[in-house]
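The values are calculated or read from the model by the stated rules, or taken from the named source; none is laboratory data. No experiment lies behind these values; they were computed from the predicted model shown. FYI the Cβ positions are ideal-geometry reconstructions off the backbone, even for glycines, and counts take in every protein chain you see.
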Amino acid sequence: MEKILLVEDDQNLSMMVLENLEDLEFEVYHLLDGKEVLPLLERETFDLILMDVDLGGEKDGFDIAEEIRAVNRTLPIIFATAKKSVADLERGFKIGYMDYLKKPFGIRELSLRINSLLKREEDKKDSYQLGTLTFEPSIQCLFKEGIHIKLSKLESSFLKILCENEGHVINKEDTIKELWKMDEDPQGKESSLHNIAYKLRKIFEEEPSVSIKTISKGGYLLYANNV
């Protein structure tokens, strides 16, 4: 169940939105005061924030969102506001809010926007940052500033296994069985796996933060320092 943080100082509107989202099987946590957002985010994890721009108090929704972005650059934020000026849109884009709702809004529109953002974030999870390269297993590609590197199905599958176990040794025999869908005699494919690892190492030659190591009598280890 996806977890949503609702930040809205209108109690009546909040209750209506909260009840509708709960009917749609979202878990919803409500805050009336924007000052409580950052302390809450230090304790709880949310999949998305729905935040009123026109919050009462010293800070509006944009101010709170800027503080959120200082500590979390990717958490989806939908702003809701009764006004929608060009200046508001520009400020929102700079913050990286991801979406915008004009009050009054219908619950169907809100649901569609929330589900669209959550799906977009879910799709992003099937990608891995390896140095300056982005690996997308679903299309068997590596990308870097317009450069498109197409991988074979086996190369992509092997790299995905490495990424899923980054920092941990993957067993050679188990990897062969998974890649070639075989239960017996994995030794016959060891040279093929070695060649795949070699081709991937060539791709990452100019990525000093990425290394694929062969572990004696063990398997393979991916290390990617993306800091």
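Annotations for the structure displayed:
- Annotation: of all residues in segment 104-120 being basic (Lys, Arg) and at pLDDT below 90, the one that is surrounded by the most Cβ atoms within 10 Å (Cβ to Cβ) is Arg120.
- Meets criteria (closer than 30 Å to Glu207 by Cβ and either of a type outside the set (A, V, I, L, M) or surrounded by 16 or more Cβ atoms within 10 Å (Cβ to Cβ) (or both)) for Asp126: yes
- So Asp123, is it modelled with pLDDT under 80 and out of contact with any Ser or Thr (no Cβ under 7 Å at 6 or more places or on another chain): yes
- If you go through segment 184-207 and pick out every residue that is closer than 12 Å to Phe158 by Cα and either acidic (Asp, Glu) or not assigned by TED's automatic domain parsing to the domain that holds Ser157 (or both), you end up with 0.
- Residue pairs whose Cβ atoms lie under 8 Å apart, separated by 6 or more positions or on different chains, with the first residue in segment 184-205 and touching a residue at least 40 places away in the same chain (Cβ under 8 Å) and the second among the β-branched types (Val, Ile, Thr) and surrounded by 17 or more Cβ atoms within 10 Å (Cβ to Cβ), are Leu200/Ile212; Phe204/Val210; Phe204/Ile212.
- Residue match in segment 131-142 (condition: modelled with pLDDT under 80, part of a helix (DSSP H, G or I) and of a type outside the set (Ser, Thr, Tyr)): no
- Among the residues making up segment 59-91, those that are under 15 Å from Val7 (Cβ atoms) and either of a type outside the set (A, V, I, L, M, F, W, C) or not assigned by TED's automatic domain parsing to the domain that holds Leu18 (or both) are Lys59, Asp60, Gly61, Asp63, Glu66, Glu67, Arg69, Asn72, Pro76, Thr81.
- Looking only at segment 1-52, and only at residues there that are of a type in the set (S, T, N, Q) and touching a strand residue (DSSP E or B) at 6+ places or on another chain (Cβ under 8 Å), the one that is surrounded by the most Cβ atoms within 10 Å (Cβ to Cβ): Ser14
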